[in-house]
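This report refers to the structure that appears directly beneath it.
Just so you know, all these numbers are worked out from the coordinates, no wet-lab data involved. Bear in mind the structure is a predicted one, so any value in this text is a computation, not a measurement. Positions of Cβ are generated from backbone atoms using ideal geometry, with glycine treated the same way; all protein chains shown enter the neighbour counts.
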Amino acid sequence: MPVERPAIEPLRTTYKLQLLSGEQLDQLQQATLRILEDVGVKFPSVKALAIFADHGAQVDHETQIVKIPRDLVRKAMATVPRYFQVGARDPSCDFHLEDGVTYFTTDGCGVETIDVPNPVWPETRQRQPSCKADVGRMAHIADYLSSIAFYWPMVSAQDYPATAPLHELDASFNNTVKHVQTETVMDEPMARCAVEMAQVVAGDEATMRQRPPLSSLICTIAPLAQDVGGMESALVFAEAGLPVGFMSMANTGSTAPATPAGTVVLADAEIVAAMALIQMAYPSAPVYHSLMPGMMHPRTGAYLGSAWEGGLFNAVGVELAHTWGVPTLAGSFGTDAQVPGWQSATEAGAILLLCALCGAETGSGMGLLESCTLLYPEAILLDTDIYHRVRINAAGLDTSLEALALEVIKEVGPRGHFLKQRHTRDHMRQRQFSDLVAQPKAGGGYRDPIEVAREKVDWILEHHQPEPLDEAKQAELKRILEAAERELS
């Protein structure tokens with residue numbers, strides 16, 4: 001029998017943490033403005049350069065570098081909506097960005113999958129290139145998890161190399177009723193196909209604009225550059241009313257200065273320049289800020305997404321985005337671990353709580369390892385366990401009279417027992433416990449949580465059936481894909 005999908009449970013915080021002082025945040029913002037005005041950012045897009053020139057920026061068409069006066073930056077950023085609506089195929093999965101609530105998504109753009117022994121994945125437990133079916137299976141799992149409010153295609157559809165981003169959207173829309181956010185639609189023709197797909201899912205243009213079922217995330221190119229396809233696809237999304245965000249993954253010591261503060265302002269300049277472009281072209285278009293730098297290991301040159309100082313980047317990015325008056329997508333998982341275990345758990349929990357307490361509206365990173373490249377399907381269940389631990393602790397402590405239980409304490413008295421009290425029965429039913437840890441095994445002791453997580457992957461795939469997309473809409477998505485294959489290949 002199919003099981004009912006649990007409701008989305010975002011992180012709700014009853015208190016807020018501020019890492020940086022107002023003076024420090026002003027220093028960072030002023031440094032960003034100075035970089036944009038004096039150094040500039042490269043925009044290798046004729047369309048982008050024309051928009052900047054029309055609005056009074058200093059544009060060098062030969063070098064494609066744009067220098068933006070600080071007053072022009074502030075004018076553009078002032079039109080960004082502080083919060084906006086995020087739609088879904090199922091209206092019950094819609095959500096509106098708001099203060100004190102953080103909605104989470106998976107990680108994305110992985111390139112390899114570790115097989116899981118179940119009827120759907122072959123029992124090999126080996127690395128293999130990811131494919132469209134992996135995108136769909138993980139969307140199926142994410143559709144069930146209450147920790148996931150919206151879905152990033154977790155891995156790439158490498159079996160459709162020319163049009164992989166569109167096939168990732170097709171697999172996502174067909175396997176989850178939740179909002180989908182693409183990180184791989186990176187040119188104008190493909191963006192127009194993606195918008196067409198979003199309108200099919202929404203039903204019509206007006207609904208798509210009011211309750212957008214699709215959004216986009218574009219990575220900048222450190223240091224201080226943009227991608228031509230990324231900028232032009234962002235303009236297409238903004239024109240259609242679909243939210244679009246910009247993420248910098250500047251790397252401390254290689255593509256960014258060797259100091260965290262230097263990395264932050266360089267990354268922020270890349271993000272703000274792109275956001276300003278969108279606001280100049282389409283004032284009040286929904287956009288968001290995402291600062292997720294890494295750090296170069298000085299002995300190996302390796303990219304570290306979760307170095308000791310890495311968590312600070314993500315939380316500071318949240319506070320800096322709010323200084324600009326814009327919503328943010330925070331990175332909170334994204335482990336460098338190669339297998340699920342101690343390292344992946346250690347690198348996730350503290351950063352997740354920090355970003356939630358700093359007020360991130362959305363967050364990402366659940367379910368991938370090896371710096372967001374490798375999919376162990378059970379990892380999303382392990383990350384979900386961490387997520388719910390943080391969710392419960394971030395909600396704070398109930399100190400109502402009912403929770404203080406003074407009458408019950410008086411009735412039981414010294415050396416008594418609370419087990420037979422109705423208050424105990426009622427409230428123990430409200431307590432929440434992990435379904436991965438402390439699971440007893442035959443003969444005594446407890447089962448390995450990773451083994452339990454693998455079994456739960458099987459259980460979700462077998463028992464949860466995402467609501468199918470209407471057959472007419474499936475056919476229309478197929479038509480768009482076939483046309484894209486002919487035109488874009």
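Structure above, values below:
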read-out: Tail fraction, Cα-Cα pairs, the stretch 391-458, threshold 21 Å, whole percent; value: 52 percent
read-out: Under 5 Å, built H, 5+ apart or other chain: amide partners of residue 110; value: 155, 156
read-out: q = 0.09, 0.11 Å⁻¹: log10 I(q)/I(0) that the Debye formula gives for the chain, counting C-alpha atoms only; value: -0.62, -0.91
read-out: For the chain: relative contact order, % (alpha-carbon pairs under 8 angstrom, 6 or more apart); value: 20 percent
read-out: Label-point separation in nm, residue 435 to residue 410, each point 7 Å along Cα→Cβ; value: 4.0 nm
read-out: Extension reserve of the residue 339-residue 26 stretch, reckoned as 0.36 nm per residue once the Cα distance is removed; value: 108.6 nm
read-out: Length gained when the stretch residue 46-residue 15 is fully extended (0.36 nm per residue, less Cα-Cα span); value: 6.6 nm
read-out: The stretch 1-97, Cα convex hull volume normalised per residue, Å³; value: 198 Å³
read-out: DSSP bridge orientation in the chain - percent antiparallel, rounded to nearest 5; value: 40 percent
read-out: Kirkwood hydrodynamic radius of the stretch 340-489, Cα pairs, Å; value: 20.2 Å
read-out: In range of the label at residue 472: residues from the stretch 68-100 whose backbone nitrogen is under 17 Å from the point 7 Å along Cα→Cβ; value: none
read-out: Amide proton proximity set for residue 368, modelled H, under 5 Å, gap of 5+; value: 107, 334
read-out: Kyte-Doolittle mean at least -1.0, axial Cα span of 30 Å or more - DSSP H helices of the chain; value: 260-281
